[in-house]
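Written below as structure tokens is the structure these notes are about.
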């Protein structure tokens with residue numbers, strides 16, 4: 001962000017809980033995404049906020065997909081089932 005720019009930052013956090021097939025909790029974790037596009041036109045603030053929200057959602061989804069196997073309890077759970085992590 002440049003000095004003097006106005007930004008409507010958005011942060012989205014998703015919470016996940018992994019359960020076994022018999023309902024036992026394996027683990028819980030969170031992933032977060034951010035969107036911080038500057039507001040170029042004050043009349044387009046709502047559209048900028050929408051884009052920031054969509055970017056934050058995509059980033060959080062990517063962080064979940066990329067980091068799923070990095071959660072230690074998930075890795076152990078997968079390995080116990082013969083899935084190579």
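Bear in mind that the values in this text are calculations on the coordinates, not laboratory data. Everything numeric here is computed off the predicted structure, so don't read it as measured data. For neighbour counting, all protein chains shown are included, and Cβ atoms are generated from backbone atoms with ideal geometry for every residue, glycine included.
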Q: May I ask you to list the residues in the stretch 69-78 that are surrounded by 12 or more Cβ atoms within 10 Å (Cβ to Cβ) and free of Cβ contacts under 8 Å to residues at least 40 places away in the same chain?
A: 69, 75, 76, 78
Q | Single residue of 46, 74, 83 found to be assigned to a loop (DSSP other than H, G, I, E, B) and more than 11 Å from the chain's Cα centre (by Cα) | A | 83
Q.
For the stretch 33-50, give me each residue that is free of Cβ contacts under 8 Å to residues at least 40 places away in the same chain and either under 13 Å from residue 12 (Cα atoms) or in contact with a strand residue (DSSP E or B) (Cβ under 6 Å, 6 or more places away or on another chain) (or both).
A. 33, 34, 35, 36, 38, 50
Q: Would you check if there is a residue in the stretch 8-18 being assigned to a helix (DSSP H, G or I) and either on the phi > 0 side of the Ramachandran plot or surrounded by 14 or more Cβ atoms within 10 Å (Cβ to Cβ) (or both)?
A: no
Q | Candidates 11, 6 - the one that is within 30 Å of residue 78 (Cα to Cα) and in contact with a strand residue (DSSP E or B) (Cβ under 9 Å, 6 or more places away or on another chain) | A | 11
(Q) Can you tell me how many residues within the stretch 27-68 are closer than 30 Å to residue 83 by Cα and exposed (fewer than 14 other Cβ atoms within 10 Å of the Cβ)? (A) 8
